[in-house]
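Laboratory data are not the source of any read-out in this text; all were calculated from the coordinates shown. What you see is a predicted model; the values in this text were computed from it and never measured. In this analysis, Cβ positions are derived from the backbone assuming ideal geometry, glycine residues included, and neighbour counts consider all displayed protein chains.
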């Protein structure tokens, strides 16, 4: 693993966690950072495999390794939810009954077939802390299905063109989705175009493509670009917020979720994805902040970040239900709630990593050695 990238994974998870505990309005951007980082790492793996392996082994080994890394934990989490729904009557937690019981059968089957992002963009969607965060894992899985095929089929000399085309298509897809949803021509679509843009996989094509691009091509003067982007992107977000809403909410950096005003849901993702691509490039190629990111705690949290992400929102939902049932005077954004939920998430993700994930991950090099 490139120094600093595990720490960057940890940072991405932590800001998402702060967002889900309502302490960091721009924390949703951690998912975008995950997407760009996935594009960077997976593309590098795929290009190296393409150089060494024939077609049949290329696909078998890539998908075999992804299967062992992703599916066991994901489906174990869904099994836990299915078990919890049967235990609800004996738990006697009214809030939990409402939260988990809300459209449970619809939620779990679309999650099981990795279509939660499409479900989230439909009029049938019902928000649930146990399931809602799984939309991003559906997007990732759909990327893993499509991208290896494109990598294998596109000649090496056309790879840059592939990345740039995908970056452009991400922008165009977001524009198309926005216009379709705003037209309200289809009753089965969500009546919130900005939210639909956020969860549909087509919208994030450029996030993965930016990551893919920096895996093989240089960015000129990356640290200077990062500094300028860190100033320009929030400044533009705050300015457009002020012009469209008449107020400035600095804590969101001008990019509330869902993003609104001046078609920000179309171009805002492009800016954020490029900002994160430059950040990853600086960390991976110039050792930017690696002294901090490669610290033991961040490196460890990055190593177990998949489990942290899968479990964390459900743990928050459980904690909220218990706190409300016993009338404890702590809101979801309180320090007490943060300590309980973060501690439980790290503990459960650690147990999951060593008892479930790692034994299966270790099979990758035995069964699908590259």
Open item on the list: Can you tell me the length gained on complete extension of the stretch residue 160 to residue 344, counting 0.36 nm per residue apart and subtracting the Cα distance?
Closed with: 61.9 nm
Task: the range 163-238 versus the range 324-350: alpha-carbon centroid distance in Å - done: 33
TODO: Please give, to one decimal in nm, the separation of the simple spin-label points placed at residue 124 and residue 245, each 7 Å out from Cα toward the Cβ.
DONE: 3.2
Open item on the list: Could you work out [θ]222 nm for the chain from helices alone, using -39500 (n - 2.57) per DSSP H run of at least four and dividing by all its residues? Round to the nearest 500 deg cm²/dmol.
Closed with: -23500 deg cm²/dmol
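Could you list 132, 341 in order of exposure, starting from the residue whose Cβ has the fewest other Cβ atoms within 10 Å?
If I rank by nearby Cβ atoms, fewest first, I get 132, 341.
If you rank 282, 163 by fewest surrounding Cβ atoms within 10 Å, what's the result? Mind showing how you got there, number by number?
Working: 282 21, 163 24.
Lowest to highest Cβ neighbour count: 282, 163.
May I ask you to compute the full-extension gain from residue 59 to residue 76, defined as 0.36 nm times their residue separation minus their alpha-carbon distance, rounded to one decimal in nm?
Numbers: separation 17, 0.36 × 17 = 6.12 nm, distance 2.50 nm.
Gain in length upon complete extension: 3.6 nm.
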- [ ] Compute the distance in nm between two label points, each set 7 Å from the Cα along the Cα-to-Cβ direction, one at residue 183 and one at residue 263.
- [x] 1.5
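Determine, from the Cβ-Cβ distance of residue 87 and residue 333 and an R0 of 30 Å, the FRET efficiency 1/(1 + (r/R0)^6), rounded to the nearest 0.05.
Details: r = 28 Å, r/R0 = 0.93.
So the FRET efficiency works out to roughly 0.60.
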- [ ] Find the eigenvalues of the gyration tensor of the Cα atoms of the chain, then list the square roots of 5 times those eigenvalues as equivalent ellipsoid semi-axes, largest first, in whole angstrom.
- [x] 31, 27, 22
Task: Label-point separation in nm, residue 360 to residue 153, each point 7 Å along Cα→Cβ - done: 3.0
Open item on the list: Students often check this: by mean Cβ neighbours within 10 Å, which of 1-7, 47-53, 308-314 ranks highest, and how do the rest follow?
Closed with: 308-314, 1-7, 47-53
